[in-house]
Amino acid sequence: MDEVLIIGGGFSGLAAGVALAEAGRGVRLLEQKSHLGGRARSFLDPTTGSVVDNGQHIIMGCYHATIQFLSTIGTLDRLRFQKHLNVHFIDRKGRLTVLQCAALPSPWHLLLGVLRSGSFTFKEKLEVLRLGGSLRRQRAMGHSSERLSVREWLTNLGQCERLQHNFWDLLCIAALNEDPTVANAALFERVLRLALFTSPEDSRLAIPGVGLSELYVDAAAAYIRSKGGRVECGQGVVGLLVSEGQCRGVRLSSGEQIEAESVLSAVPSFQLAALLPGDLLRQEPFFAPVVFLRPAPIISINLWFDRAITDLAFVGLRGGTVQWLFNKGKIFGSGEHYVSLVLSGAHRHIARGKEELLDMALLELGDFFPEARKAGLLHSLLIKERFATFSPTWEAEGLRPAARTPVRGLYLAGDWTATGLPATIEGAVQSGYTAARAVLQDH
Ligand SMILES: Cc1cc2nc3c(=O)[nH]c(=O)nc-3n(C[C@H](O)[C@H](O)[C@H](O)COP(=O)(O)OP(=O)(O)OC[C@H]3O[C@@H](n4cnc5c(N)ncnc54)[C@H](O)[C@@H]3O)c2cc1C
(Lines give C-alpha, C1' and ligand atoms only; values in the text may rest on other atoms or scores of the structure.)
Protein backbone atom coordinates (compact mmCIF):
# COMPACT_ATOMS: atom_id res chain seq x y z
CA MET A 1 0.00 0.00 0.00
CA ASP A 2 1.32 3.45 -1.00
CA GLU A 3 1.44 6.14 1.64
CA VAL A 4 0.27 9.08 -0.50
CA LEU A 5 -1.10 8.85 -4.03
CA ILE A 6 -1.03 12.13 -5.94
CA ILE A 7 -3.23 12.47 -9.03
CA GLY A 8 -1.88 15.00 -11.55
CA GLY A 9 1.61 16.15 -12.49
CA GLY A 10 1.19 19.90 -12.96
CA PHE A 11 2.70 22.55 -10.68
CA SER A 12 0.32 21.70 -7.80
CA GLY A 13 0.82 17.91 -7.88
CA LEU A 14 4.58 18.18 -8.26
CA ALA A 15 4.84 20.78 -5.47
CA ALA A 16 2.80 18.53 -3.17
CA GLY A 17 4.97 15.56 -4.15
CA VAL A 18 8.19 17.44 -3.47
CA ALA A 19 6.94 18.66 -0.07
CA LEU A 20 5.78 15.19 0.98
CA ALA A 21 8.94 13.49 -0.30
CA GLU A 22 11.02 16.11 1.53
CA ALA A 23 9.12 15.22 4.74
CA GLY A 24 9.98 11.56 4.24
CA ARG A 25 6.60 10.31 3.01
CA GLY A 26 6.26 7.58 0.39
CA VAL A 27 4.85 9.36 -2.66
CA ARG A 28 3.43 7.88 -5.86
CA LEU A 29 2.36 10.47 -8.45
CA LEU A 30 0.06 9.40 -11.30
CA GLU A 31 -0.23 11.53 -14.45
CA GLN A 32 -2.66 10.59 -17.22
CA LYS A 33 -0.69 12.14 -20.07
CA SER A 34 2.62 10.90 -21.46
CA HIS A 35 4.29 14.05 -20.09
CA LEU A 36 4.22 16.06 -16.88
CA GLY A 37 3.56 19.80 -16.59
CA GLY A 38 -0.21 20.10 -17.14
CA ARG A 39 -1.16 23.62 -18.20
CA ALA A 40 2.44 24.88 -17.85
CA ARG A 41 4.56 22.83 -20.20
CA SER A 42 6.75 23.14 -23.29
CA PHE A 43 7.50 21.03 -26.33
CA LEU A 44 9.58 21.12 -29.51
CA ASP A 45 7.85 22.57 -32.55
CA PRO A 46 8.31 19.92 -35.27
CA THR A 47 8.73 22.48 -38.10
CA THR A 48 11.26 24.88 -36.56
CA GLY A 49 12.71 22.76 -33.75
CA SER A 50 12.06 25.71 -31.40
CA VAL A 51 11.08 25.24 -27.77
CA VAL A 52 7.43 26.34 -27.52
CA ASP A 53 5.50 26.89 -24.29
CA ASN A 54 1.83 25.99 -24.34
CA GLY A 55 1.44 29.68 -23.41
CA GLN A 56 3.84 32.33 -22.13
CA HIS A 57 4.06 32.27 -18.34
CA ILE A 58 5.21 35.19 -16.19
CA ILE A 59 6.32 34.82 -12.59
CA MET A 60 6.65 37.65 -10.08
CA GLY A 61 8.88 38.32 -7.10
CA CYS A 62 5.79 37.91 -4.90
CA TYR A 63 5.53 34.23 -5.95
CA HIS A 64 7.24 33.17 -2.71
CA ALA A 65 6.04 29.55 -2.70
CA THR A 66 7.07 29.10 -6.34
CA ILE A 67 10.51 30.52 -5.60
CA GLN A 68 10.84 28.12 -2.66
CA PHE A 69 9.72 25.20 -4.85
CA LEU A 70 12.21 26.02 -7.61
CA SER A 71 14.98 26.47 -5.01
CA THR A 72 14.22 23.06 -3.49
CA ILE A 73 14.43 21.30 -6.86
CA GLY A 74 17.49 23.38 -7.85
CA THR A 75 16.20 25.31 -10.89
CA LEU A 76 15.64 28.85 -9.58
CA ASP A 77 18.56 30.08 -11.70
CA ARG A 78 16.52 29.24 -14.84
CA LEU A 79 14.28 32.23 -14.09
CA ARG A 80 15.42 35.65 -15.32
CA PHE A 81 14.45 38.20 -12.67
CA GLN A 82 14.28 41.90 -13.49
CA LYS A 83 16.30 44.16 -11.18
CA HIS A 84 13.23 46.37 -10.74
CA LEU A 85 9.77 46.19 -12.29
CA ASN A 86 10.17 47.39 -15.86
CA VAL A 87 7.32 47.12 -18.35
CA HIS A 88 7.11 48.63 -21.84
CA PHE A 89 3.85 49.57 -23.53
CA ILE A 90 3.30 50.42 -27.16
CA ASP A 91 0.24 51.92 -28.86
CA ARG A 92 -1.08 51.51 -32.38
CA LYS A 93 0.88 54.55 -33.52
CA GLY A 94 4.09 52.80 -32.44
CA ARG A 95 4.54 55.18 -29.46
CA LEU A 96 6.64 53.39 -26.85
CA THR A 97 6.50 54.18 -23.12
CA VAL A 98 7.90 52.48 -20.05
CA LEU A 99 6.88 51.99 -16.43
CA GLN A 100 10.10 51.50 -14.49
CA CYS A 101 10.10 51.25 -10.72
CA ALA A 102 12.75 52.96 -8.63
CA ALA A 103 15.19 51.46 -6.10
CA LEU A 104 13.14 52.73 -3.16
CA PRO A 105 11.10 51.08 -0.40
CA SER A 106 7.41 50.39 -1.11
CA PRO A 107 5.24 52.25 -2.06
CA TRP A 108 7.75 54.89 -3.21
CA HIS A 109 9.32 52.51 -5.76
CA LEU A 110 6.01 52.41 -7.61
CA LEU A 111 4.92 55.98 -7.03
CA LEU A 112 8.16 57.38 -8.41
CA GLY A 113 7.96 54.89 -11.29
CA VAL A 114 4.47 56.17 -12.17
CA LEU A 115 5.46 59.83 -11.84
CA ARG A 116 8.46 59.36 -14.16
CA SER A 117 6.61 57.22 -16.70
CA GLY A 118 5.55 58.52 -20.10
CA SER A 119 2.77 55.89 -20.05
CA PHE A 120 0.36 58.25 -18.28
CA THR A 121 -0.88 61.81 -18.67
CA PHE A 122 -0.45 64.11 -15.66
CA LYS A 123 -4.11 63.60 -14.70
CA GLU A 124 -3.75 59.82 -15.02
CA LYS A 125 -0.68 59.85 -12.79
CA LEU A 126 -2.74 61.55 -10.09
CA GLU A 127 -5.46 58.93 -10.54
CA VAL A 128 -2.97 56.05 -10.18
CA LEU A 129 -1.56 57.68 -7.05
CA ARG A 130 -5.10 58.12 -5.72
CA LEU A 131 -5.75 54.40 -6.22
CA GLY A 132 -2.48 53.55 -4.46
CA GLY A 133 -3.48 55.78 -1.54
CA SER A 134 -6.93 54.15 -1.28
CA LEU A 135 -5.38 50.69 -1.32
CA ARG A 136 -3.23 51.64 1.63
CA ARG A 137 -6.10 53.28 3.54
CA GLN A 138 -8.47 50.39 2.83
CA ARG A 139 -5.92 47.98 4.29
CA ALA A 140 -5.94 50.05 7.47
CA MET A 141 -9.75 50.02 7.54
CA GLY A 142 -10.06 46.35 6.58
CA HIS A 143 -12.38 47.46 3.77
CA SER A 144 -13.48 44.82 1.27
CA SER A 145 -14.43 45.47 -2.33
CA GLU A 146 -16.13 42.10 -2.62
CA ARG A 147 -18.98 41.68 -5.11
CA LEU A 148 -17.75 44.55 -7.28
CA SER A 149 -16.35 43.89 -10.73
CA VAL A 150 -12.90 45.29 -11.45
CA ARG A 151 -14.52 47.82 -13.80
CA GLU A 152 -16.93 49.06 -11.05
CA TRP A 153 -14.15 49.18 -8.47
CA LEU A 154 -11.78 51.15 -10.68
CA THR A 155 -14.53 53.57 -11.68
CA ASN A 156 -15.48 54.06 -8.01
CA LEU A 157 -11.83 54.89 -7.33
CA GLY A 158 -11.91 57.65 -9.95
CA GLN A 159 -9.87 55.92 -12.66
CA CYS A 160 -10.83 57.45 -16.02
CA GLU A 161 -11.87 55.33 -18.99
CA ARG A 162 -8.65 55.86 -20.95
CA LEU A 163 -6.45 54.89 -17.98
CA GLN A 164 -8.55 51.78 -17.37
CA HIS A 165 -8.40 50.79 -21.01
CA ASN A 166 -4.68 51.48 -21.52
CA PHE A 167 -3.30 50.27 -18.20
CA TRP A 168 -5.53 48.61 -15.59
CA ASP A 169 -7.36 46.41 -18.11
CA LEU A 170 -4.04 45.03 -19.40
CA LEU A 171 -2.96 44.22 -15.83
CA CYS A 172 -6.35 42.75 -14.91
CA ILE A 173 -6.54 40.47 -17.95
CA ALA A 174 -2.90 39.39 -17.47
CA ALA A 175 -3.31 38.64 -13.77
CA LEU A 176 -6.87 37.30 -13.67
CA ASN A 177 -7.40 36.07 -17.26
CA GLU A 178 -10.80 37.69 -17.28
CA ASP A 179 -12.51 40.79 -18.58
CA PRO A 180 -12.64 43.64 -16.02
CA THR A 181 -16.41 43.89 -16.45
CA VAL A 182 -16.86 40.50 -14.75
CA ALA A 183 -13.57 39.87 -12.90
CA ASN A 184 -13.76 39.91 -9.09
CA ALA A 185 -12.44 43.23 -7.74
CA ALA A 186 -11.45 41.73 -4.37
CA LEU A 187 -9.11 39.30 -6.11
CA PHE A 188 -7.60 42.04 -8.27
CA GLU A 189 -7.12 44.25 -5.22
CA ARG A 190 -5.28 41.41 -3.44
CA VAL A 191 -3.06 40.85 -6.48
CA LEU A 192 -2.23 44.57 -6.70
CA ARG A 193 -1.31 44.68 -3.00
CA LEU A 194 0.90 41.59 -3.24
CA ALA A 195 2.49 42.45 -6.56
CA LEU A 196 2.81 46.22 -6.52
CA PHE A 197 2.48 47.53 -2.97
CA THR A 198 4.52 45.14 -0.82
CA SER A 199 8.18 45.57 -1.76
CA PRO A 200 10.28 46.41 -4.84
CA GLU A 201 11.56 42.80 -4.86
CA ASP A 202 8.02 41.43 -4.95
CA SER A 203 7.10 43.74 -7.86
CA ARG A 204 9.80 42.37 -10.16
CA LEU A 205 8.83 40.15 -13.06
CA ALA A 206 10.66 36.94 -13.86
CA ILE A 207 10.56 35.18 -17.22
CA PRO A 208 11.75 31.60 -17.61
CA GLY A 209 14.93 31.60 -19.72
CA VAL A 210 14.14 28.02 -20.75
CA GLY A 211 11.00 26.18 -21.84
CA LEU A 212 8.44 25.68 -19.06
CA SER A 213 9.03 21.93 -18.81
CA GLU A 214 12.76 22.50 -18.42
CA LEU A 215 12.02 24.99 -15.67
CA TYR A 216 10.53 22.48 -13.24
CA VAL A 217 9.14 19.23 -14.61
CA ASP A 218 12.15 16.92 -14.81
CA ALA A 219 13.85 18.40 -11.75
CA ALA A 220 10.72 17.98 -9.59
CA ALA A 221 10.23 14.38 -10.73
CA ALA A 222 13.94 13.66 -10.12
CA TYR A 223 13.67 15.17 -6.63
CA ILE A 224 10.69 12.95 -5.73
CA ARG A 225 12.48 9.87 -7.10
CA SER A 226 15.67 10.74 -5.23
CA LYS A 227 13.66 10.47 -1.98
CA GLY A 228 12.32 7.04 -2.92
CA GLY A 229 9.03 8.24 -4.48
CA ARG A 230 7.54 7.24 -7.83
CA VAL A 231 6.37 9.46 -10.69
CA GLU A 232 4.43 7.66 -13.41
CA CYS A 233 3.06 9.06 -16.68
CA GLY A 234 0.34 7.43 -18.78
CA GLN A 235 -1.57 6.48 -15.63
CA GLY A 236 -5.09 7.87 -15.97
CA VAL A 237 -7.20 7.71 -12.83
CA VAL A 238 -10.88 7.08 -13.60
CA GLY A 239 -12.36 7.00 -10.09
CA LEU A 240 -11.71 7.46 -6.40
CA LEU A 241 -12.35 4.46 -4.14
CA VAL A 242 -14.53 5.85 -1.37
CA SER A 243 -16.36 3.81 1.23
CA GLU A 244 -17.73 4.68 4.68
CA GLY A 245 -16.54 8.27 4.41
CA GLN A 246 -12.95 7.25 3.72
CA CYS A 247 -10.92 7.43 0.51
CA ARG A 248 -8.97 4.18 0.20
CA GLY A 249 -7.31 4.59 -3.19
CA VAL A 250 -7.99 5.03 -6.90
CA ARG A 251 -9.06 3.04 -9.94
CA LEU A 252 -6.98 3.39 -13.11
CA SER A 253 -8.22 3.33 -16.72
CA SER A 254 -6.48 -0.07 -17.03
CA GLY A 255 -8.92 -1.40 -14.41
CA GLU A 256 -6.17 -1.72 -11.80
CA GLN A 257 -6.97 -0.49 -8.30
CA ILE A 258 -4.30 1.11 -6.14
CA GLU A 259 -4.81 1.43 -2.40
CA ALA A 260 -3.26 4.24 -0.39
CA GLU A 261 -3.38 5.78 3.07
CA SER A 262 -4.06 9.21 1.53
CA VAL A 263 -5.08 10.43 -1.91
CA LEU A 264 -4.21 13.97 -2.97
CA SER A 265 -6.07 15.14 -6.06
CA ALA A 266 -4.18 17.82 -8.02
CA VAL A 267 -6.37 17.85 -11.14
CA PRO A 268 -8.52 20.71 -12.50
CA SER A 269 -12.03 21.14 -11.04
CA PHE A 270 -13.95 19.58 -13.94
CA GLN A 271 -11.63 16.56 -13.89
CA LEU A 272 -12.13 16.07 -10.15
CA ALA A 273 -15.90 16.08 -10.71
CA ALA A 274 -15.46 13.10 -13.05
CA LEU A 275 -13.50 11.15 -10.41
CA LEU A 276 -15.86 11.63 -7.47
CA PRO A 277 -18.56 9.03 -6.82
CA GLY A 278 -21.87 10.49 -8.13
CA ASP A 279 -23.60 10.58 -4.73
CA LEU A 280 -20.76 12.58 -3.19
CA LEU A 281 -20.82 15.11 -6.02
CA ARG A 282 -24.60 15.52 -5.84
CA GLN A 283 -25.22 15.38 -2.10
CA GLU A 284 -22.11 16.59 -0.32
CA PRO A 285 -22.26 20.42 -0.03
CA PHE A 286 -18.45 20.55 0.05
CA PHE A 287 -18.09 19.06 -3.46
CA ALA A 288 -21.37 20.09 -5.14
CA PRO A 289 -20.28 23.70 -6.02
CA VAL A 290 -17.17 22.45 -7.87
CA VAL A 291 -19.11 21.84 -11.09
CA PHE A 292 -20.17 25.50 -11.26
CA LEU A 293 -16.66 26.89 -11.76
CA ARG A 294 -16.45 28.20 -15.32
CA PRO A 295 -13.34 28.17 -17.54
CA ALA A 296 -11.60 31.17 -19.10
CA PRO A 297 -9.54 30.59 -22.28
CA ILE A 298 -6.14 31.88 -23.47
CA ILE A 299 -4.96 31.91 -27.08
CA SER A 300 -1.24 32.01 -27.92
CA ILE A 301 -0.17 32.94 -31.43
CA ASN A 302 3.45 31.92 -32.14
CA LEU A 303 5.05 33.56 -35.16
CA TRP A 304 8.43 32.99 -36.80
CA PHE A 305 9.60 35.88 -39.04
CA ASP A 306 12.57 36.25 -41.37
CA ARG A 307 13.78 39.34 -39.49
CA ALA A 308 13.49 41.06 -36.12
CA ILE A 309 10.31 43.10 -35.61
CA THR A 310 11.29 44.50 -32.18
CA ASP A 311 14.29 44.55 -29.83
CA LEU A 312 12.13 44.46 -26.71
CA ALA A 313 11.90 41.25 -24.67
CA PHE A 314 8.20 41.81 -24.02
CA VAL A 315 5.70 44.64 -24.41
CA GLY A 316 2.07 45.44 -23.58
CA LEU A 317 -0.01 46.29 -26.66
CA ARG A 318 -2.28 49.22 -25.80
CA GLY A 319 -5.61 49.09 -27.59
CA GLY A 320 -4.88 45.74 -29.25
CA THR A 321 -7.07 42.63 -29.32
CA VAL A 322 -3.89 40.76 -28.53
CA GLN A 323 -2.57 42.10 -25.20
CA TRP A 324 1.12 41.17 -24.95
CA LEU A 325 4.03 40.31 -27.21
CA PHE A 326 6.93 38.16 -25.99
CA ASN A 327 10.10 38.08 -28.04
CA LYS A 328 10.94 34.41 -27.51
CA GLY A 329 14.07 34.45 -29.67
CA LYS A 330 15.48 37.17 -27.44
CA ILE A 331 14.27 35.63 -24.16
CA PHE A 332 15.74 32.20 -24.99
CA GLY A 333 18.80 33.76 -26.66
CA SER A 334 18.21 31.44 -29.62
CA GLY A 335 18.72 34.08 -32.30
CA GLU A 336 15.38 33.19 -33.94
CA HIS A 337 12.93 35.94 -34.92
CA TYR A 338 10.23 34.13 -33.00
CA VAL A 339 7.53 36.03 -31.09
CA SER A 340 4.59 34.78 -29.04
CA LEU A 341 1.41 36.85 -28.80
CA VAL A 342 -0.93 36.41 -25.85
CA LEU A 343 -4.69 36.86 -26.00
CA SER A 344 -6.03 36.24 -22.48
CA GLY A 345 -9.65 36.24 -21.33
CA ALA A 346 -10.32 35.08 -24.88
CA HIS A 347 -14.02 34.11 -24.57
CA ARG A 348 -15.04 36.13 -27.65
CA HIS A 349 -12.24 34.73 -29.81
CA ILE A 350 -11.91 31.07 -28.85
CA ALA A 351 -14.41 29.88 -31.50
CA ARG A 352 -12.73 31.87 -34.30
CA GLY A 353 -10.81 29.88 -36.91
CA LYS A 354 -7.01 29.72 -36.91
CA GLU A 355 -6.65 31.59 -40.22
CA GLU A 356 -8.93 34.37 -39.04
CA LEU A 357 -7.00 34.77 -35.77
CA LEU A 358 -3.69 34.73 -37.61
CA ASP A 359 -4.85 37.41 -40.06
CA MET A 360 -6.08 39.56 -37.18
CA ALA A 361 -2.78 39.17 -35.30
CA LEU A 362 -0.64 40.04 -38.34
CA LEU A 363 -2.75 43.08 -39.15
CA GLU A 364 -2.46 44.35 -35.56
CA LEU A 365 1.27 43.65 -35.42
CA GLY A 366 1.74 45.84 -38.50
CA ASP A 367 0.12 48.76 -36.62
CA PHE A 368 2.26 48.33 -33.52
CA PHE A 369 5.51 47.43 -35.28
CA PRO A 370 5.77 48.79 -38.87
CA GLU A 371 8.77 46.46 -39.34
CA ALA A 372 6.34 43.53 -39.15
CA ARG A 373 4.70 44.67 -42.43
CA LYS A 374 7.96 44.16 -44.27
CA ALA A 375 8.85 40.89 -42.52
CA GLY A 376 8.15 37.53 -44.12
CA LEU A 377 6.25 35.03 -42.01
CA LEU A 378 8.14 31.72 -42.04
CA HIS A 379 5.90 29.70 -39.76
CA SER A 380 3.00 30.05 -37.31
CA LEU A 381 1.55 27.94 -34.52
CA LEU A 382 -1.67 28.81 -32.74
CA ILE A 383 -2.46 27.25 -29.36
CA LYS A 384 -5.95 27.49 -27.88
CA GLU A 385 -6.16 26.62 -24.18
CA ARG A 386 -9.93 26.51 -23.61
CA PHE A 387 -9.61 25.62 -19.91
CA ALA A 388 -6.59 27.83 -19.22
CA THR A 389 -7.91 29.00 -15.83
CA PHE A 390 -11.19 29.21 -13.97
CA SER A 391 -13.08 32.43 -14.56
CA PRO A 392 -12.50 34.55 -11.42
CA THR A 393 -15.90 36.18 -10.99
CA TRP A 394 -17.01 36.99 -7.45
CA GLU A 395 -19.44 34.05 -7.60
CA ALA A 396 -16.48 31.73 -8.26
CA GLU A 397 -14.78 32.66 -4.99
CA GLY A 398 -17.48 30.90 -2.95
CA LEU A 399 -17.16 27.73 -5.04
CA ARG A 400 -13.49 27.04 -4.31
CA PRO A 401 -12.96 24.20 -1.80
CA ALA A 402 -10.33 23.87 0.93
CA ALA A 403 -7.53 21.29 0.83
CA ARG A 404 -8.97 19.07 3.57
CA THR A 405 -12.23 17.42 2.49
CA PRO A 406 -15.03 15.79 4.52
CA VAL A 407 -13.87 12.44 3.08
CA ARG A 408 -11.11 11.09 5.33
CA GLY A 409 -7.87 10.53 3.47
CA LEU A 410 -8.84 12.74 0.48
CA TYR A 411 -7.11 16.08 -0.06
CA LEU A 412 -7.42 18.67 -2.84
CA ALA A 413 -4.84 20.83 -4.57
CA GLY A 414 -4.92 22.83 -7.79
CA ASP A 415 -4.92 26.49 -8.79
CA TRP A 416 -8.72 26.53 -8.53
CA THR A 417 -8.94 25.50 -4.86
CA ALA A 418 -9.37 28.12 -2.10
CA THR A 419 -5.97 29.80 -2.29
CA GLY A 420 -7.22 33.40 -2.21
CA LEU A 421 -5.27 33.93 -5.46
CA PRO A 422 -6.27 33.79 -9.11
CA ALA A 423 -5.41 30.66 -11.09
CA THR A 424 -1.66 31.08 -11.28
CA ILE A 425 1.52 29.09 -10.81
CA GLU A 426 1.80 30.60 -7.33
CA GLY A 427 -1.76 29.54 -6.46
CA ALA A 428 -1.03 26.03 -7.76
CA VAL A 429 2.22 25.68 -5.78
CA GLN A 430 0.68 27.12 -2.61
CA SER A 431 -2.26 24.72 -2.96
CA GLY A 432 0.15 21.77 -3.31
CA TYR A 433 2.01 22.84 -0.18
CA THR A 434 -1.23 23.38 1.77
CA ALA A 435 -2.59 19.95 0.84
CA ALA A 436 0.75 18.32 1.67
CA ARG A 437 0.72 20.03 5.09
CA ALA A 438 -2.81 18.74 5.74
CA VAL A 439 -1.68 15.17 4.91
CA LEU A 440 1.28 15.51 7.27
CA GLN A 441 -0.86 16.92 10.08
CA ASP A 442 -3.46 14.14 9.77
CA HIS A 443 -0.92 11.30 9.66
C1 LIG B 1 -1.80 29.65 -21.75
C2 LIG B 1 -1.64 29.84 -20.27
C3 LIG B 1 -0.93 30.92 -19.78
C4 LIG B 1 -0.76 31.09 -18.41
N5 LIG B 1 -0.01 32.13 -17.95
C6 LIG B 1 0.29 32.19 -16.63
C7 LIG B 1 1.21 33.17 -16.15
O8 LIG B 1 1.73 33.99 -16.91
N9 LIG B 1 1.52 33.19 -14.82
C10 LIG B 1 0.95 32.30 -13.96
O11 LIG B 1 1.28 32.34 -12.77
N12 LIG B 1 0.05 31.36 -14.38
C13 LIG B 1 -0.28 31.28 -15.69
N14 LIG B 1 -1.14 30.32 -16.14
C15 LIG B 1 -1.82 29.45 -15.16
C16 LIG B 1 -0.95 28.25 -14.75
O17 LIG B 1 -0.48 27.55 -15.88
C18 LIG B 1 -1.81 27.30 -13.92
O19 LIG B 1 -2.37 28.01 -12.85
C20 LIG B 1 -1.02 26.12 -13.37
O21 LIG B 1 -0.20 25.53 -14.33
C22 LIG B 1 -2.03 25.10 -12.83
O23 LIG B 1 -1.35 23.98 -12.28
P24 LIG B 1 -2.19 22.79 -11.63
O25 LIG B 1 -1.22 21.80 -11.14
O26 LIG B 1 -3.16 23.37 -10.66
O27 LIG B 1 -3.09 22.18 -12.82
P28 LIG B 1 -2.64 21.49 -14.18
O29 LIG B 1 -1.42 22.14 -14.72
O30 LIG B 1 -3.86 21.48 -15.05
O31 LIG B 1 -2.25 20.01 -13.79
C32 LIG B 1 -3.20 19.00 -13.61
C33 LIG B 1 -2.62 17.69 -14.13
O34 LIG B 1 -3.52 16.63 -13.77
C35 LIG B 1 -3.54 15.72 -14.85
N36 LIG B 1 -4.80 14.94 -14.73
C37 LIG B 1 -6.06 15.40 -14.90
N38 LIG B 1 -6.95 14.40 -14.71
C39 LIG B 1 -6.23 13.30 -14.41
C40 LIG B 1 -6.57 11.96 -14.13
N41 LIG B 1 -7.84 11.55 -14.13
N42 LIG B 1 -5.57 11.06 -13.87
C43 LIG B 1 -4.27 11.45 -13.86
N44 LIG B 1 -3.89 12.73 -14.15
C45 LIG B 1 -4.85 13.63 -14.41
C46 LIG B 1 -3.50 16.62 -16.07
O47 LIG B 1 -3.13 15.89 -17.24
C48 LIG B 1 -2.47 17.65 -15.64
O49 LIG B 1 -1.17 17.27 -15.99
C50 LIG B 1 -1.36 30.17 -17.50
C51 LIG B 1 -2.10 29.08 -18.00
C52 LIG B 1 -2.23 28.91 -19.36
C53 LIG B 1 -2.99 27.73 -19.87
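The values are calculated or read from the model by the stated rules, or taken from the named source; none is laboratory data. Keep in mind that this is a model prediction, so the values were computed, not measured. In this analysis, Cβ positions are derived from the backbone assuming ideal geometry, glycine residues included, and neighbour counts consider all displayed protein chains. The accessibility values were calculated without ligands, DNA or RNA, using every heavy atom of the protein model including side chains. Shrake-Rupley method; radii C 1.70, N 1.55, O 1.52, S 1.80 Å.
Which one of these does residue 40 not meet: (1) in contact with a helix residue (DSSP H, G or I) (Cβ under 9 Å, 6 or more places away or on another chain); (2) open to solvent by less than 10 Å² (accessible area, probe 1.4 Å); (3) at pLDDT 95 or above; (4) outside any loop (DSSP other than H, G, I, E, B)? Unmet condition: (4). When restricted to residues that are surrounded by fewer than 22 Cβ atoms within 10 Å (Cβ to Cβ) and either among the small types (Gly, Ala, Ser) or part of a helix (DSSP H, G or I) (or both), the stretch 202-222 contains 9. Residue check: is residue 121 among the β-branched types (Val, Ile, Thr), open to solvent by 20 Å² or more (accessible area, probe 1.4 Å) and at pLDDT 90 or above? Against the criterion (among the β-branched types (Val, Ile, Thr), open to solvent by 20 Å² or more (accessible area, probe 1.4 Å) and at pLDDT 90 or above), residue 121 qualifies.
Considering only helices (runs of 4 or more DSSP H) fully contained in the stretch 367-443, which possess at least 3 residues that are within 16 Å of the ligand (Cβ to nearest atom)? Reasoning before the result, please.
Details: elements: 371-374, 394-397, 425-442.
Passing ranges, in order: 425-442.
Cβ-Cβ contacts under 9 Å between residues 6 or more apart (or on different chains), taken from a first residue in the stretch 404-417 that is in contact (Cβ under 8 Å) with a residue 12 or more places away in the chain to a second residue that is of a type in the set (Phe, Trp, Tyr) and away from the ligand (no atom under 14 Å from the Cβ), are listed as 405/286; 405/287; 406/286; 406/287; 407/286; 407/287.
Take the conditions (1) open to solvent by 10 Å² or more (accessible area, probe 1.4 Å); (2) under 23 Å from residue 330 (Cα atoms); (3) more than 16 Å from the ligand (Cβ to nearest atom); residue 89 misses just one of them, which is (1). Taking each residue of the stretch 157-175 that is more than 14 Å from the ligand (Cβ to nearest atom) and looking for partners that are open to solvent by 30 Å² or more (accessible area, probe 1.4 Å) with beta-carbon atoms closer than 6 Å, six or more apart or interchain, yields 158/130. Condition test on residue 20, is it out of contact with any His (no Cβ under 9 Å at 6 or more places or on another chain), not acidic (Asp, Glu) and not in a helix (DSSP H, G or I)? So residue 20 fails the test. Screening the stretch 177-195 for residues that are within 17 Å of residue 323 (Cβ to Cβ) and without any contact (Cβ under 8 Å) to a residue 60 or more places away in the chain and picking the one that is most open to solvent (accessible area, probe 1.4 Å) gives 181.
For a quick check of your reading: which strands (runs of 3 or more DSSP E) sit entirely within the stretch 226-332 and have at least 2 residues that are over 30 Å from residue 354 (Cα atoms) and over 27 Å from the mean Cα position of the chain (by Cα)?
Result: 237-243, 246-252, 257-265.
All of (1) surrounded by 21 or more Cβ atoms within 10 Å (Cβ to Cβ); (2) farther than 13 Å from residue 230 by Cβ; (3) more than 8 Å from the ligand (Cβ to nearest atom) hold for residue 6 with one exception: (2).
Checked against (1) of a type outside the set (Asp, Glu); (2) more than 16 Å from the ligand (Cβ to nearest atom); (3) under 17 Å from residue 439 (Cβ atoms); (4) assigned to a helix (DSSP H, G or I), residue 25 meets all criteria but (4). In the set (1) in a helix (DSSP H, G or I); (2) open to solvent by less than 10 Å² (accessible area, probe 1.4 Å); (3) over 11 Å from residue 436 (Cα atoms), residue 52 fails one condition alone, (1). Every residue in the stretch 277-303 that is open to solvent by 10 Å² or more (accessible area, probe 1.4 Å) and within 11 Å of the ligand (Cβ to nearest atom), please. Of everything in the stretch 277-303, those that are open to solvent by 10 Å² or more (accessible area, probe 1.4 Å) and within 11 Å of the ligand (Cβ to nearest atom) turn out to be 295, 298.
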